[in-house]
1. Tell me the angle of helix 299-323 to the major Cα principal axis of the chain, expressed in degrees between 0 and 90 and rounded to the nearest ten.
2. With axes computed from alpha carbons, what is the tilt in degrees of helix 188-201 against the longest principal axis of the chain, rounded to the nearest 10 within 0 to 90?
3. Can you pull a Stokes-Einstein diffusion coefficient for region 232-345 at 4 °C (1.567 mPa s), Rh from Kirkwood over Cα pairs, as a whole number of µm²/s?
4. Cβ under 12 Å from VAL346's Cβ, VAL346 left aside: what net charge do those residues give with Lys, Arg +1 and Asp, Glu -1?
5. Taking the alpha-carbon set of region 171-216, what are its Rg and Dmax in Å?
6. Grab the beta carbon distance between HIS199 and ARG302, set R0 = 41 Å, and tell me the FRET efficiency rounded to 0.05.
7. Once both axes come from the Cα atoms, what is the angle between helix 132-145 and the longest principal axis of the chain, in degrees from 0 to 90, rounded to 10?
8. Excluding GLY180 itself, calculate the net charge of residues whose Cβ lies under 14 Å from the Cβ of GLY180, where each Lys or Arg counts +1 and each Asp or Glu counts -1.
Amino acid sequence: MSKGILVINAGSSSIKFSLYLTGKDGLSAAGGQLRLASKGQVEGMYVAPRFVAAGPDGVRTADHRWDDPKTSHEVLLRYLLDWVEDHLDGAELVAAGHRVVHGGTDFTKPTLVTPEVLEQLEKLVPLAPLHQSYNLSPICALAKIHPDLPQVACFDTAFHRSNPAVAQTFALPRELTEEGVRRYGFHGLSYEYIAGALHQYDARAAEGRVVVAHLGSGASMCALKGGRSHASTMGFTALEGLPMGTRSGSLDVGVVFYLLEQKGMSVKDIESMLYKKSGLLGVSGVSNDMRVLMASDDPRAREAVDLFVYRICRELGSLTAAVGGLDALVFTAGIGQNSREIRALVCEQAAWLGIDFDAEANEAHGPRISTPDSPVSVWVIPTDEELMIATHTRKTLAEATRVAA
Ligand code: ADP
């Protein structure tokens, strides 16, 4: 019988979901490829809650609003779950897989949630106060609504646990490192998906040294060696590394002392500035949206784009050094998949690495945007974090069922 896997990606104001169905042989590998049946979200939570869903073709299949802005998380999630149960197409819902931003040092792979696991994950909230609790609340709510439904936590940090110790350590007193103040890295589900998908495009490079540029509203880069993460630009939080839509990226911490001591800013104000008012938005004063910046003739918009590209190219050199060379570069996420201009600017500045850029292929969005003879192959590959979560959930559940049997 076909099985359904619900994927949940919950943030501060929305709960995104995707429903995947297996083939008729269910969870086993013989169950075939997972097929997306529906996706949607509860949005506008605590302001104007609304549930929308669409089929894989993007055609809207649900649109429901609540009058009460304070409608509880549990009520919203119960509605989502009932809707999913009604749209299983004859399949049986067998699990929910969740994106969880932080797995600390202990969670190195997707994990079946138990009360003990949940307790451990709650202890990690201080490491990601802006995300972790939002990721955990639908797990708690689902456990109440549907206690028999197995839930699997899939971590943004887990894929980077293969990084050597030097890539994970800040030069701080070691007690702090031991306490968990270290570089974790994020966007791991996206990088893991790309590491797998690259095999279909360039099997030789997929086994070699690859830098993946995940350029979305949140942006980071990761160096892979033999398909495993060796280094990445994000660190203790998702603030380190590249400038992003509204996040500053790496910053001399001396700036924070200056803002505290000389400008009298509070910690909360600084946090809000670095997460929400910096990056492309802060530099341009125009927008955090790359499309708007590219279309703008305001010179500050150009400066923001130039800084973004400059930082990508510097990180590319640094990540290449971390894995001792470069066989392939992959662009992914909103900007990486869609912006011909950003890809062209990066590839031109990175020509020294052995990138022979194919402008015509880039116009067509690739997938290969380097010439056939280019020493480094360059690719545009759409990421799919939800499919990665569904795949992990299915595998984790199949393993747990085997162990139990
Ligand atoms: P996230 O999942 O991190 O919210 P996305 O991966 O959806 O973000 O990426 C959002 C970014 O992608 C935005 O900056 C948006 O401007 C950019 N983007 C989307 N389409 C295009 C395009 N055609 N050209 C340039 N940038 C684009």
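1. Roughly 80 degrees, rounded to the nearest 10.
2. 80 degrees
3. Working: Rh = 15.3 Å.
This corresponds to a translational diffusion coefficient of 85 µm²/s.
4. 0
5. Gyration radius and largest Cα-Cα distance of region 171-216: 15.4, 44 Å.
6. Values: r = 38 Å, r/R0 = 0.92.
Result of the calculation: an efficiency of 0.60.
7. Rounded to the nearest ten degrees, it is 10.
8. Working: positive: LYS123, ARG161, ARG174, ARG182, ARG183; negative: ASP106, GLU175, GLU178, GLU179.
Around GLY180, the charge tally is +1.
Taken together, the values in this text are just the output of simple stated rules run on the coordinates, not laboratory data. Computed from a prediction, not measured in an experiment: that's the story for all the values here. Here Cβ is always computed from backbone atoms with ideal geometry, including for glycine, and neighbour counts include all displayed protein chains.
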